[in-house]
Amino acid sequence: MKIVDYLRNPEKTLFSFEVLPPMKGQSIQELFDTIDQLMEFGPKFVNVTYHREEFVYKKRPDGLLERKTTRKRPGTVGICAAILHRYGVEPVPHLICGGFTKEETENALIDLHYLGIHNLLVLRGDPIPTEKVFTPEPGGHRYAVELLEQVVNMNRGIYLEEEIENAVPTDFCIGVAGYPEKHYEAPNLQSDLRYLKMKVDKGADYIVTQMFFDNRKYFDFVEKCRAIGINVPIVPGLKPLTSKRQLTMIPRVFHVELPEELVKEVEKCSSDEQVKEVGVEWCIAQSKELMQHKVPCLHYYSMSKAASVRKVAEALF
Ligand code: FAD
């Protein structure tokens, strides 16, 4: 089923979460254990992130450094197929521009279509750690909207080779990312919203937001979206804090602010176990208020660890 069909006028707020593929060479069992612990809350979909290749430097026997590329968390497509097969719940693979030619993207979309996976979250991807700005793959896409157009074309039966006769159209439902506190590269929120609207006008079915810790940011964002004619469902993304380290890591990596009240509570904690309690409480309070505002779904960033999301879900779903 298409995610957008779940999101249109649900009787009550739905539950969903995001997981990461295991690190290369690790067992998938840990990921299944995480999902197992969250299935009783009836998720309508499970997102699986995509991770692009990174440069790593390895020392050769002669002492010189050799640059290699490696994907540290491969397996998104296979994991999505396994989730569909094992749990019968809709998997949503993330699809990124970075590191892929259009041809490779087309092949990935064909694989997903054959596997019966009909939902995608279409993203640009971040710059690789060794680069300051995002560099598109030669023959690939620069912005998420371009990748989205490729998917929309395939949904119309238009593949890269235009001469394919009677090409079978795919039927992907497409989600895109939105940033209540603006994307870090955007010069201002208005311009970021303009490009978000472009993604919706070109065929995005719904939006999932970057994490936020102050609901007013989400409410303002939705209001601004509606004011410029973005009328698709906007799913809030939430993350329970789990460690003191995240006080500095989350703003640095995700470019979002943590409210002073939350920061003070975390600073009082003497262990990460206490931080987890504060994080769960804060996330439950955020979730309750969002539910009162009848958001279609609450989407949790689990980082593949079930414990905190489970406590939040126990209180709500
Ligand atoms: P875009 O929509 O392309 O926007 C990027 C920037 O360019 C913005 O500043 C925007 O305002 C601007 N812009 C957009 N279109 C244009 C245009 N046509 N002309 C000029 N400027 C434009 N990353 C991963 O690598 N893997 C994942 O699995 C992953 N999952 C994510 C899930 C969610 C819910 C979110 C919110 C983010 C996720 N990310 C993931 C991170 C994401 O890839 C980064 O935030 C990335 O920097 C931007 O992606 P985007 O799709 O929002 O890009």
* Structure fact -> Within the range 98-151, of all residues that are modelled with pLDDT under 95 and touching a strand residue (DSSP E or B) at 6+ places or on another chain (Cβ under 8 Å), the one farthest from residue 198 (Cα to Cα) is 130
* First in the range 222-238 and within 21 Å of residue 300 (Cβ to Cβ), second anywhere and surrounded by fewer than 16 Cβ atoms within 10 Å (Cβ to Cβ), Cβ under 7 Å, 6 or more apart -> 233/8
* In the range 261-302, what residues are in contact with a helix residue (DSSP H, G or I) (Cβ under 9 Å, 6 or more places away or on another chain) and outside any helix (DSSP H, G or I)? -> 268, 269, 293, 295, 296, 297, 298, 300, 301, 302
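Any idea which of 294, 305 is touching a residue at least 60 places away in the same chain (Cβ under 8 Å), of a type in the set (D, E, K, R) and closer than 30 Å to residue 33 by Cβ?
It is 305.
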* From 135, 170, which residue is more than 10 Å from the ligand (Cβ to nearest atom) and buried (at least 20 other Cβ atoms within 10 Å of the Cβ)? -> 170
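So that you can scan it fast, the table gives a plain yes or no per residue for (1) closer than 21 Å to residue 317 by Cα; (2) surrounded by 12 or more Cβ atoms within 10 Å (Cβ to Cβ):
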{"site": "14", "(1), (2)": "yes, yes"}
{"site": "29", "(1), (2)": "no, no"}
{"site": "35", "(1), (2)": "yes, yes"}
{"site": "39", "(1), (2)": "yes, yes"}
{"site": "48", "(1), (2)": "no, yes"}
{"site": "56", "(1), (2)": "no, yes"}
{"site": "68", "(1), (2)": "no, no"}
{"site": "76", "(1), (2)": "no, yes"}
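Okay, residues lined up against (1) assigned to a helix (DSSP H, G or I); (2) surrounded by 14 or more Cβ atoms within 10 Å (Cβ to Cβ); (3) within 16 Å of the ligand (Cβ to nearest atom):
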{"residue": "209", "(1), (2), (3)": "no, yes, yes"}
{"residue": "219", "(1), (2), (3)": "yes, yes, no"}
{"residue": "223", "(1), (2), (3)": "yes, no, no"}
{"residue": "229", "(1), (2), (3)": "no, no, no"}
{"residue": "243", "(1), (2), (3)": "no, yes, no"}
{"residue": "247", "(1), (2), (3)": "yes, yes, no"}
{"residue": "250", "(1), (2), (3)": "yes, yes, yes"}
{"residue": "253", "(1), (2), (3)": "yes, no, yes"}
{"residue": "258", "(1), (2), (3)": "no, yes, no"}
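The values are calculated or read from the model by the stated rules, or taken from the named source; none is laboratory data. Keep in mind that this is a model prediction, so the values were computed, not measured. Here the Cβ is made from the backbone with ideal geometry for all residues, glycine too, and neighbour counts use every protein chain on show.
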